[in-house]
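> First, the structure itself, so that you have it in front of you.
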Amino acid sequence: MIVQPKQVQPLSISTTYNLSYQCHQHFHVNGCIPFSKVIAMSTYSSKPRSRRRRNWCNIIRCSSSATTPTPLPPNPDKKKEEESDVGGEQRKVPDLQTLFRRFWKVAAPYWFSDDKVQARLQLAAVFALTLGTTGISVGFNFLGRDFYNALANKDQEQFTRQLLYYLGGFAGGIPVFVLRDYARETLALRWRSWMTSYYMERFLKNQTFYKIQSQSIIDNPDQRIVDDLSSFTGTALSFSLTLFNAAVDLVSFSNILYGVYPPLFVVLLVYSIGGTAISVFLGRGLVTLNFLQEKKEADFRYGLVRVRENAESIAFYGGEGSEMQLLLQRFRSAFENLTQLLISSRNLEFFTSGYRYLIQILPAAVVAPMYFSGKIEFGVINQSVSAFNHILSDFSLIVYQFQAISAFSAVIDRLGEFDDVLDSSSSTSLSNPLEEICVTYKKVKYTPVLESNGSTPPENCGTLLEIDNLTLKTPSKAILVRDLSLVINDKDHLLVTGSSGSGKTSLLRAMAGLWNTGKGQITYYVKDDEDPLPLISSETPTRDIITDNNTNKEHGNPIKRNSRRTFFLPQRPYMVLGTLREQLLYPTWAEDAIPMSDSSTKPNGVLPFLMTAQNAENGTEKPRKPLTDELMKVLADVRLEYVLSRFGGLDSTHEWSSVLSLGEQQRLAFARLLLSKPELVLLDESTSALDEANEAHLYQQIAAAGITYVSVGHRRTLFDHHNRNLHISTMDPNSSQPNWCIESITPDSLYNFSKL
Ligand SMILES: Nc1ncnc2c1ncn2[C@@H]1O[C@H](COP(=O)(O)OP(=O)(O)OP(=O)(O)O)[C@@H](O)[C@H]1O
């Protein structure tokens, strides 16, 4: 017979306990449930299993003295990593050592960050409160003993006194439990905020987001930043506290149990070690299943986001049916994995439930003969049962929390993988510069100095950019352009042409620092009166910049394209979420346009580190922010003044990528360009959606603004606006000859070019 708390201990705490008992979590099934569990269990309800995984913070909280962050044991058969085939999808199961390494790598930085003093103080407070809760539990254990003794002895006076002690205990204990949970969750939130800012900073630095996306390095980084970080911080704290609590609990209650009957302790130890080994064996596939579940859910959500973002194209194609199929396929994949996860969880739970129930009658059965022979009082039975359950919980953390631990392991794995990718992104720039494209920034003085042979050095004739012996490859190492050398001087407008897929956009990618696969040198000449560093990402690690007397070199790191000097316009302009003013100020003054940067509108309680990224950006030099009149004028310059009245002025907010035509968006992008006034702009088919008149007008505007431009395009009309043409032919893999040629564009040659 299983002793129900209702039968043994008809106190108010058992009411809550019995309710919780109906849930899936079966903690102690006899009297004297630890008070901490009672408080925590009230927050846990019988949610569907599919949602339960997200609730493991609650589950863990339920067992403040019954959970420990014991990691998954390694599979003894495999040394490092084991291949697992789940739902037809191959992925490597990380070994214990990798999990530990990743956990430490992800968790540690915050505790050594600028916020460490505050964080450590809060952590100490949480630990102190946790200690307090254990003390209260021990107190309740003794209270329970005296309470039942009074009951058994029919001592009404003593019984009433114990009842009052109980009530007093509740009044004093509840605030400690509530405050402990509040302090822990506040700290978890603080930790999460710091980590979110830390990860976002590294994700956006050095165009890492671009590399991850364009080379499909890892899946769903957004989900890792949003969901996994939240889960990680909450659960890591809960696990740590639970481990600490279990250790204290173990010491406190072991004494009690030893005092009653020492052999019980030994039986309990053997039982829990055996149970742990079996549960580890039965649940070994859960880490992979949890990992894949995270991925598949995120894939499904991403599919829906893509439908939203491409609503018009899909509607034009009438692609609803295909989208439905694609989305269902993704959902089915998540569904199938979850089904497998549920089956594995069910199998494990058969064992864990049996494990929980089987042992329950043991302490009462062993101690009862001592009571019958008069060696102990009645209350001691209750006390030993309670102490036994505490210790059993402490020893059985892995068994009770295996599913939570496996889900947490999956989170560690995903975050650790993400962290490794972010680290490798910043360290690739240290790879061999002879095997990658080297982007260099060189300070020059524009003084009329002649070299000894009477010629003018390149930096003195207004050279903006020099490409030397550049061989450009795709990330998959296919050669696109071989041995390209060219110089771009001030007002020397270059048109890049070539057949589709020949590598025109890729050349701009290399010039913008996005691609570094290949070899050769790209040199930007920076006037000495300018600080060249604003051209480079302000977050570029100093170890990546090799500085000599007059040169700043950066191997493979991207330049900051919203710098004063170089600007890049893609074919499809990017419309930020926000007002028309924010569109125009993007990206040069983007942070100034965000209302958050106005201290009067700063939300209360904002953490200092959440503002650091913005502050760092604010530190870089940039031109004066344009006034409203200037914004109006530039809109007129690109013939978009009518947009103001149509959409309610500069400060109206719309989904601009939907309400503006592609040609209007391209004109808006030119407005940004005219406001930023760079010296050099790289245009990738940036007028492809415009009529010829508008195209000619925009080119006249940027030429009049003194901007030198390099354009990629196919249209015949583009020749009218450029001085030279770089033609790239599709690379023949068997050829070792250069596949490009440069010609001047003269009125006489226009006819020939049109035939290329
Ligand atoms: N991330 C990538 N990984 C591997 N190959 C890529 C990647 N991006 C582009 N490529 C390949 O590089 C080649 C050149 O692409 P690029 O976009 O530079 O062509 P393009 O000359 O601009 O073509 P179009 O005129 O059609 O725009 C293409 O064959 C393309 O498949």
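> Those residues that are near the ligand (Cβ under 9 Å from one of its atoms) and over 19 Å from S729 (Cα atoms), I need them from the range 501-516; list them, please.
W515
> Residue under question is R145, and the condition is that it be at pLDDT below 85, surrounded by fewer than 14 Cβ atoms within 10 Å (Cβ to Cβ) and under 27 Å from R180 (Cβ atoms); does it hold?
Criteria not met by R145.
> Another one. Tell me which of these L187 doesn't satisfy, since it passes every other one: (1) buried (at least 17 other Cβ atoms within 10 Å of the Cβ); (2) out of contact with any Phe, Trp or Tyr (no Cβ under 7 Å at 6 or more places or on another chain); (3) more than 21 Å from S240 (Cα to Cα).
Failed condition: (3).
> Condition first: more than 11 Å from W191 (Cα to Cα) and among the small types (G, A, S). Now tell me which residues in the range 111-125 satisfy that.
A124, A125
> Looking at the range 233-246, can you tell me whether even one residue there is modelled with pLDDT under 85 and among the hydrophobic types (A, V, I, L, M, F, W, C)?
The answer is yes, given that some residue of the range 233-246 is modelled with pLDDT under 85 and among the hydrophobic types (A, V, I, L, M, F, W, C).
> Now, a different point. Are there any pairs with C-beta distances below 9 angstrom linking a residue in the range 483-502 that is more than 12 Å from W740 (Cα to Cα) to a residue that is of a type in the set (K, R) and more than 13 Å from the ligand (Cβ to nearest atom), with the two at least 6 apart or on different chains, and if so which?
Qualifying pairs under 9 Å: I488/R724; D492/R724; H493/R724; L494/R724; L495/R724.
> Which condition number in (1) at pLDDT below 90; (2) of a type outside the set (D, E); (3) under 28 Å from the mean Cα position of the chain (by Cα) is the one that R190 fails?
(1)
> Also: If you go through the range 228-238, how many residues are farther than 13 Å from E185 by Cα and not aliphatic (A, V, I, L, M)?
1
> Something else: Identify, please: which residue in the range 720-737 is surrounded by 16 or more Cβ atoms within 10 Å (Cβ to Cβ) and within 16 Å of the ligand (Cβ to nearest atom) and is, among those, modelled with the lowest pLDDT?
For the range 720-737, the residue satisfying everything is M731.
> Next up: Restricting the search to the range 677-699, which residues are away from the ligand (no atom under 16 Å from the Cβ), outside any loop (DSSP other than H, G, I, E, B) and touching a helix residue (DSSP H, G or I) at 6+ places or on another chain (Cβ under 8 Å)?
V681, E692, N694, E695, A696, L698, Y699 - these are the residues of the range 677-699 that are away from the ligand (no atom under 16 Å from the Cβ), outside any loop (DSSP other than H, G, I, E, B) and touching a helix residue (DSSP H, G or I) at 6+ places or on another chain (Cβ under 8 Å).
> Still on this structure: Could you say which residue among D651, D691, D684 is under 13 Å from L580 (Cβ atoms) and charged (D, E, K, R)?
So the residue among D651, D691, D684 that is under 13 Å from L580 (Cβ atoms) and charged (D, E, K, R) is D651.
> Does the range 507-522 hold any residues that are touching a Lys or Arg at 6+ places or on another chain (Cβ under 9 Å), at pLDDT 90 or above and surrounded by 19 or more Cβ atoms within 10 Å (Cβ to Cβ), and which are they?
Answer for the range 507-522, where residues must be touching a Lys or Arg at 6+ places or on another chain (Cβ under 9 Å), at pLDDT 90 or above and surrounded by 19 or more Cβ atoms within 10 Å (Cβ to Cβ): just G518.
> Within the range 665-703, take every residue that is over 34 Å from the mean Cα position of the chain (by Cα) and among the acidic types (D, E) and give me the one that is nearest to E312 (Cα to Cα).
Here the residue is D691.
> Give the range 384-401 a look and list any residue that's part of a helix (DSSP H, G or I), within 39 Å of the chain's Cα centre (by Cα) and not charged (D, E, K, R), or say none.
Result: H390, I391, L392, S393, F395, L397, I398, V399, Y400.
> What number of residues within the range 311-321 are surrounded by 14 or more Cβ atoms within 10 Å (Cβ to Cβ) and not in a helix (DSSP H, G or I)?
Adding up the residues that qualify gives 1.
> Being part of a loop (DSSP other than H, G, I, E, B) and farther than 27 Å from E309 by Cβ: is that true of G649 here?
no
> Does any residue of the range 479-497 turn out to be closer than 16 Å to V710 by Cβ, more than 9 Å from the ligand (Cβ to nearest atom), among the small types (G, A, S) and surrounded by 21 or more Cβ atoms within 10 Å (Cβ to Cβ)?
Checked the range 479-497: no residue is closer than 16 Å to V710 by Cβ, more than 9 Å from the ligand (Cβ to nearest atom), among the small types (G, A, S) and surrounded by 21 or more Cβ atoms within 10 Å (Cβ to Cβ).
Residue-wise test of (1) part of a helix (DSSP H, G or I); (2) among the β-branched types (V, I, T); (3) within 29 Å of I398 (Cα to Cα).
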{"site": "V307", "(1), (2), (3)": "yes, yes, no"}
{"site": "E323", "(1), (2), (3)": "yes, no, no"}
{"site": "F331", "(1), (2), (3)": "yes, no, no"}
{"site": "L341", "(1), (2), (3)": "yes, no, yes"}
{"site": "L348", "(1), (2), (3)": "yes, no, yes"}
{"site": "T352", "(1), (2), (3)": "yes, yes, yes"}
{"site": "R356", "(1), (2), (3)": "yes, no, yes"}
{"site": "Y371", "(1), (2), (3)": "yes, no, no"}
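> Which residues, taken from the range 647-661, are touching a His at 6+ places or on another chain (Cβ under 9 Å) and buried (at least 16 other Cβ atoms within 10 Å of the Cβ)?
Once the filter is applied, which keeps residues that are touching a His at 6+ places or on another chain (Cβ under 9 Å) and buried (at least 16 other Cβ atoms within 10 Å of the Cβ), the range 647-661 yields F647, L660.
> Assuming T130 fulfils every condition listed in (1) in contact with a Leu (Cβ under 6 Å, 6 or more places away or on another chain); (2) free of Cβ contacts under 8 Å to residues at least 60 places away in the same chain apart from one, which condition is it?
Evaluating T130 over (1) in contact with a Leu (Cβ under 6 Å, 6 or more places away or on another chain); (2) free of Cβ contacts under 8 Å to residues at least 60 places away in the same chain leaves (2) as the failure.
> Still on this model: Considering only residues that are at pLDDT 90 or above, within 15 Å of the ligand (Cβ to nearest atom) and not β-branched (V, I, T), which ones fall in the range 466-477?
L470, L472, K473
> Given the conditions (1) away from the ligand (no atom under 16 Å from the Cβ); (2) in contact (Cβ under 8 Å) with a residue 60 or more places away in the chain, which single one is not true for I218?
Looking at each condition in turn, I218 falls short on (1).
> Give me the pairs: first residue in the range 191-215 and without any contact (Cβ under 8 Å) to a residue 40 or more places away in the chain and within 25 Å of Q118 (Cβ to Cβ), second residue hydrophobic (A, V, I, L, M, F, W, C) and assigned to a helix (DSSP H, G or I), beta-carbon distance under 8 Å, and six or more apart or on different chains, which are they?
Close Cβ pairs satisfying both conditions: T196/I225; T196/L229.
The values are calculated or read from the model by the stated rules, or taken from the named source; none is laboratory data. All figures in this text were calculated on a predicted structure; none of them were measured in a lab. All Cβ positions, even for glycine, are placed from backbone atoms using ideal geometry, and neighbour counts span all protein chains on display.
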